[in-house]
Amino acid sequence: MTDVSDPTMSWHKTACVLCGNNCGVEVRLDHRTITRVRGNKSHVASAGYTCEKALRINHYQNARGRVTSPMKRLEDGSYVEVAWDLAITEIAAELRGVIDRHGAEKVMYYGGGGQGNHLCGAYGAATRNSLGITRKSNALAQEKTGEAWVEGRLFGTHTHGEFADAEVSIFLGKNPWHSHGFDSARKVLKEIAADPDRSMIVIDPRRTETADLADMWLQVKPGTDAFLLTALIATLIQDGLIDNDWLKSNATGVEETIAAFEDVPVADFAARAGVDVTTISSVARRVARASSVSVYEDLGVEMAPHSTLVSYLQRVLWVLVGSYGIPGGMSAHSSLIPLFSYGATGSEPNDPVTGGPVVSGLIPCNEIAEGILSEHPERTRALFIESANPVHSLAESAKFRQAMRATELSIVIDIAMTETAVEADWVLPAASQYEKVETTFFGVSFPDNWVCLRPPLLDPLEGSLPEPEIHSRLLRELGIIDDETLEPLREAAAVSWSAFADAFMGAAAANPSLAAAGAVVLYETIGRTLPEGMEGAAPLWFSAQQVAMRYPDQVRAAGHEGDGVELGNALFQAMVDNPDGVVFTRHEHGQSFDLLRTPDHKVQLAIPQLLDEVRALGDAPVDYRSEDFPFVLSAGERRSFTANTIVRDPSWRKKDPEGALRLSPADAAMLGIESGARVRVTTAAGSAVAVAEVNDTMMDGHVSLPNGMGLAYSPAGGEPEVTGVAPNELTSLDWKDPIVGTPWHKHVPAQLEAI
Ligand code: SF4
């Protein structure tokens, strides 16, 4: 552990956790304060790259308002501190009580990690599996389940683009300048912009920072991306621009797919999307003649009308020109722990309470509160929420608050008294992301996949515990693990990890509850063989074994040696030893089709349900505004100083302190306001007052608010103050994708009024 009292200390390696990229950084500490931050040039993926946010990570680490004791809610809504032992005893008894009364399937687990702390999800899974809790959800079920639904059907797995090498890069509802999503995003964007042989195409209503660098910016009308993409695909097909030879060898369902686009009225659809038909023709031709095309869609389309259809259409576009499994194109990849499971296509179960599709085991976020507040006999009776803030991040915050109070038990594990924690029956204080070993599982792409285990920089803040310890104590109290059972496994682990592998397989076969409690068992056994502070990394030993078993050649190609269990051990040892991170698999493009999980390892291009939607698109509305709500609000834009909700201290923002409502000059003139004026934003769900920013990147009629605002924070330690507008006070549970239920946060009909 770092000697934090030594002011002459050197730089310490860790990562920025303010977005999923987790760029490697080095920091200087003065006791518990992070005083300096610089990019880590030795980091396996970022190689010294950071954006401006990394410099401000101390505002996350040392924000006020950390919880430093388990807190129990009293009848009057106040909280009392409770000692850890007593809290664990009472929570275990209350959880057992709910399960005995209603069954484990009436308990829901929500969350399990954010952008840089995915290990806690493994420990949450141990508690869930041990208790038989199957109902779960997290933010992916309001953002990415449409994409997963489509990718499961087309490829049986997840794909990713190679933007550093693509001849044509398309960004759809995505502004990588601020939302990143691939390594060294700004550097890559500038390289594309400077290369006359490569093209960047941005599809976005706003002239984003990325659009400013683009060769072609298609200023699509908000919510009409499906019309634009359908027109693009129809142009490719109708003008004979698709790669028939490639499709014949590598895809099925091609004729059926083509037939759905043959009669699309391109000019009409282009007009609906607000994009000139000649521009669509130019884009189609640029895509068709490119040696490689990579596409990145993001929340701008995933939380807007036709979101699942749009996820499908953009993939049809690059499949039709054969941009899969080639340098610069799209490819499937391996994962240490996949974020989605892709079952047999079309076999998603439905939530017994609301009927919503449960994609990858996740209840649609939009339906959680509704289900709890119903009288349905199957409704959720207890919530276990970990490292997540659903009251703030899900549509209609008021409804989720109400739902939490309607449960018989709600437990929150977090570092601060968040908007969700203040509604819970119990709050258990977790160590921060710099006070324990952690990692992200987002380091996946093609050909290399990487992982970086960050050693703790600091001891846990007094009174808090890392999640492995919280879950371990809970499982002990519940009688699921005990020292008598664990001791033989600890002895085997002390001999060698290979000896442990044999002992664990035997013990788990004899006692399945050991396998269910997997991550906690590994923490209590293999964890004890790891360097001080790294114990919580133990579940990755199992992940390393699985990757080594499934992709031995690719693990060896990444530089790890051995066979079988020894190969997994070597990979895990490399992870533990390298704070710069390691590549865990290295693929070759010739292997891309092996990674497809379809029965014949081909792309299954036709999704009949979505092809029906394409055929019906001509009758779909293009505008959801009304006389009462004449603007489209994009609620939750990513900007320079936004980072979901993990940075609560508003002083971390160097600009845009309140998170302004951006609107076009013409709209501002119509309302008679200038930048700095106050504006009331009203939607069908609520009303809020924001500061205005007149911004010429906005399309007339389209306004935006940033994400991560509206958090309660007390700079002086007194009563908390709220800065900016919490976007989900304005969003609605009623606006959602008809297939997977993802909400339309980026397309909220709204009214503006100058104050
Ligand atoms: S915010 Fe993201 S891109 Fe920026 S430094 Fe942090 S991890 Fe890297």
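Go over the candidates A83, A104, A92, A122 one by one and state the one that is assigned by TED's automatic domain parsing to the domain that holds M404, out of contact with any helix residue (DSSP H, G or I) (no Cβ under 7 Å at 6 or more places or on another chain) and hydrophobic (A, V, I, L, M, F, W, C).
A83
Would you say R28 is part of a strand (DSSP E or B), closer than 21 Å to A431 by Cα and away from the ligand (no atom under 16 Å from the Cβ)?
It is true that R28 is part of a strand (DSSP E or B), closer than 21 Å to A431 by Cα and away from the ligand (no atom under 16 Å from the Cβ).
Which of the numbered conditions does S78 fail, given that it passes all the others? Conditions: (1) under 24 Å from A388 (Cα atoms); (2) away from the ligand (no atom under 16 Å from the Cβ); (3) assigned by TED's automatic domain parsing to the domain that holds L458; (4) touching a residue at least 12 places away in the same chain (Cβ under 8 Å).
Among (1) under 24 Å from A388 (Cα atoms); (2) away from the ligand (no atom under 16 Å from the Cβ); (3) assigned by TED's automatic domain parsing to the domain that holds L458; (4) touching a residue at least 12 places away in the same chain (Cβ under 8 Å), S78 violates only (4).
Of all helices (runs of 4 or more DSSP H) completely enclosed by region 512-606, which ones contain at least 3 residues that are touching a residue at least 24 places away in the same chain (Cβ under 8 Å) and more than 30 Å from V321 (Cα to Cα)?
By residue number, 512-516, 518-524, 539-550, 564-577.
Across region 711-755, what is the number of residues that are of a type in the set (D, E) and more than 30 Å from A226 (Cβ to Cβ)?
3
For region 284-339: of the residues being of a type in the set (F, W, Y) and not in a helix (DSSP H, G or I), which is nearest to W149 (Cα to Cα)?
Y296
Out of curiosity, is K72 modelled with pLDDT of 95 or more, surrounded by fewer than 20 Cβ atoms within 10 Å (Cβ to Cβ), more than 15 Å from the ligand (Cβ to nearest atom) and not in a helix (DSSP H, G or I)?
So K72 fits the description; yes.
Looking at this structure, is G156 closer than 17 Å to P338 by Cβ, within 16 Å of the ligand (Cβ to nearest atom), touching a residue at least 24 places away in the same chain (Cβ under 8 Å) and in a loop (DSSP other than H, G, I, E, B)?
No, not satisfied.
So which of Y49, Y60 ends up being within 23 Å of V451 (Cα to Cα), surrounded by 16 or more Cβ atoms within 10 Å (Cβ to Cβ) and near the ligand (Cβ under 9 Å from one of its atoms)?
Residue meeting the stated conditions: Y49.
What number of residues within region 407-466 are in a strand (DSSP E or B) and closer than 30 Å to R586 by Cβ?
6
Having 1 or more residues that are within 26 Å of K144 (Cα to Cα) is the bar; report the strands (runs of 3 or more DSSP E) wholly within region 628-747 that clear it.
631-637, 661-663, 678-683, 702-706, 711-713
Taking the conditions exactly as written (outside the structural domain of V44 (by TED's automatic domain parsing) and farther than 29 Å from V444 by Cβ), does A499 satisfy them or not?
yes
Among the helices (runs of 4 or more DSSP H) contained in region 218-261, which hold 3 or more residues that are within 33 Å of the chain's Cα centre (by Cα) and buried (at least 24 other Cβ atoms within 10 Å of the Cβ)?
Result: 225-238.
For the condition of a type in the set (A, V, I, L, M), surrounded by fewer than 21 Cβ atoms within 10 Å (Cβ to Cβ), modelled with pLDDT of 95 or more and within 28 Å of the chain's Cα centre (by Cα), what is the one hit in M699, M670?
Within the list M699, M670, the selection yields M699.
The values are calculated or read from the model by the stated rules, or taken from the named source; none is laboratory data. Owing to the predicted nature of the structure, the values given are computational and were not obtained by experimental measurement. With ideal geometry, Cβ positions are generated from the backbone for all residues, glycine too; neighbour counts draw on all protein chains shown.
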